[in-house]
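The values are calculated or read from the model by the stated rules, or taken from the named source; none is laboratory data. What you see is a predicted model; the values in this text were computed from it and never measured. Neighbour counts run over all protein chains shown; Cβ positions are idealised from the backbone, glycine included.
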Amino acid sequence: MRPRLSTLVSSLACLCLLPVVGQSAEPAAPLRQQVEVLQAGQMRVDKVKEGLYVVRGPFVPCTTRGCRPNGPDDGLIHEPGDVAIRATPEGLILIDDKYPENILEVLSQVRSVSSLPIRYLLNTHHHADHVSGNANLRALGIDIIGHRNIRENFLRIKQPGEPNIVFADEGALYLGGVEVRMLHYGNGHTNGDTIVYFPDLKTVHMGDLVIDGMPVIDYSAGGSAIAFVKTIDKLLELDFDTAIPGHGRVMTKAEVQAYRARFQEMNNRMRALAKKRFPREQLLSLDQARIQLKLADLGWENSVSTIAFMNSIGQYYDEMAAAP
């Protein structure tokens with residue numbers, strides 16, 4: 001098991017990891033996340049490792065669904081959730097599927113990798129930009145597997161395509177000699193966050209537990225900033241070296257460790273603001289949130305998810321104010 005980040009040094013210039021006895025220390029990582037600057041473009045498939053691919057895009061302005069009347073525009077290029085393809089000799093396992101309007105292109109990208117059929121679809125959580133194409137794939141006779149809270153969230157918001165096979169804390173799928181594990185370690189982004197683990201490839205798909213941008217907490221679906229960090233801690237106990245985020249470029253384990261540390265630092269800052277009774281209503285302003293939480297230090301002052309994060313900043317304040 002690799003050492004975890006355990007402390008954040010007082011300097012905002014770097015993070016230092018404490019070595020575990022018998023292991024060398026991890027290299028220092030910058031506190032500021034160097035978020036990828038996306039360019040507009042079509043959907044594409046990238047090879048991650050042998051037999052594992054990620055489908056990214058389409059890359060569009062405004063939001064993951066493109067510009068809409070009266071919709072927010074942060075001046076950035078966005079993409080819906082990253083889809084993974086695990087190829088086996090007996091067929092394909094798909095992780096997430098984007099929006100319904102993306103399904104035909106997703107399937108085209110899948111066919112560019114393999115002509116074998118999709119045997120199973122796994123869900124990382126219930127959000128539309130990741131899995132609202134489920135009903136389209138169900139119509140093709142594909143079984144959908146997800147945590148029981150994912151199914152309940154589908155039903156709660158009346159989103160079609162809920163998983164028809166569910167698990168509690170851990171599930172596993174074996175196909176063509178390949179093992180794929182589904183792990184629910186607790187609440188975080190939502191109450192159904194599932195890590196998909198490919199042990200033979202030492203790779204994880206993290207859903208929106210880790211993204212190339214600011215974390216988003218969906219309190220309406222059981223999200224929690226405090227539990228979020230604890231769930232990432234459990235993720236880091238897995239033996240992996242490569243990580244597919246919910247949105248963005250493929251990461252290393254060290255980058256996931258650094259993400260966890262900057263998230264904890266943001267929690268510390270929000271807790272300090274709440275404990276000194278900084279006016280909650282002032283934090284509802286993006287400009288004030290940037291200043292008071294020092295988001296530029298973290299690389300999150302204008303990431304692809306910053307506006308989405310702001311939707312729940314009042315609840316974030318309340319959670320940290322109630323924390324011991």
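Tabulated values for the structure
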{"quantity": "Close pairs from the range 118-130: first free of Cβ contacts under 8 Å to residues at least 60 places away in the same chain, partner of a type in the set (Gly, Ala, Ser) and surrounded by fewer than 20 Cβ atoms within 10 Å (Cβ to Cβ), Cβ under 9 Å, at least 6 apart", "calculated": "Ile118/Gly91; Arg119/Gly91; Arg119/Gly176; Tyr120/Gly91"}
{"quantity": "Filter pass, Gly223 being surrounded by 20 or more Cβ atoms within 10 Å (Cβ to Cβ), within 21 Å of the chain's Cα centre (by Cα) and at positive phi", "calculated": "no"}
{"quantity": "Unmet criterion (only one of (1) under 21 Å from Val37 (Cβ atoms); (2) hydroxyl-bearing (Ser, Thr, Tyr); (3) in contact (Cβ under 8 Å) with a residue 60 or more places away in the chain) for Thr252", "calculated": "(3)"}
{"quantity": "Criterion (hydroxyl-bearing (Ser, Thr, Tyr) and farther than 22 Å from Ala243 by Cα) met by exactly one of Tyr99, Tyr174, Tyr120", "calculated": "Tyr99"}
{"quantity": "Residue in the range 178-193 that is within 18 Å of the chain's Cα centre (by Cα), aromatic (Phe, Trp, Tyr) and over 18 Å from Tyr53 (Cα atoms) present", "calculated": "yes"}
{"quantity": "Out of Gln42, Gln34, sole residue that is surrounded by fewer than 12 Cβ atoms within 10 Å (Cβ to Cβ), touching a Gly at 6+ places or on another chain (Cβ under 9 Å) and modelled with pLDDT of 95 or more", "calculated": "Gln42"}
{"quantity": "Flag if Arg290 is in contact (Cβ under 8 Å) with a residue 40 or more places away in the chain and charged (D, E, K, R)", "calculated": "no"}
{"quantity": "Odd one out for Met1 among (1) over 23 Å from Met182 (Cβ atoms); (2) exposed (fewer than 13 other Cβ atoms within 10 Å of the Cβ); (3) modelled with pLDDT under 95", "calculated": "(1)"}
{"quantity": "Count - residues of the range 185-220 that are part of a helix (DSSP H, G or I), surrounded by 24 or more Cβ atoms within 10 Å (Cβ to Cβ) and charged (D, E, K, R)", "calculated": "1"}
{"quantity": "Pairs with Cβ under 6 Å, 6+ apart, first in the range 101-112 and farther than 16 Å from Gly91 by Cβ, second at pLDDT 95 or above and assigned to a helix (DSSP H, G or I)", "calculated": "Ile103/Asn136"}
{"quantity": "Scope the range 228-266; condition among the hydrophobic types (A, V, I, L, M, F, W, C) and assigned to a helix (DSSP H, G or I); matching residues", "calculated": "Phe228, Val229, Ile232, Leu235, Leu236, Ala254, Val256, Ala258, Ala261, Phe263, Met266"}
{"quantity": "Given (1) in a helix (DSSP H, G or I); (2) without any contact (Cβ under 8 Å) to a residue 60 or more places away in the chain; (3) surrounded by fewer than 16 Cβ atoms within 10 Å (Cβ to Cβ), number of the condition Ala296 does not satisfy", "calculated": "(2)"}
{"quantity": "Residue check, Arg65 over 14 Å from Ile244 (Cα atoms), modelled with pLDDT of 95 or more and of a type in the set (Lys, Arg)", "calculated": "yes"}
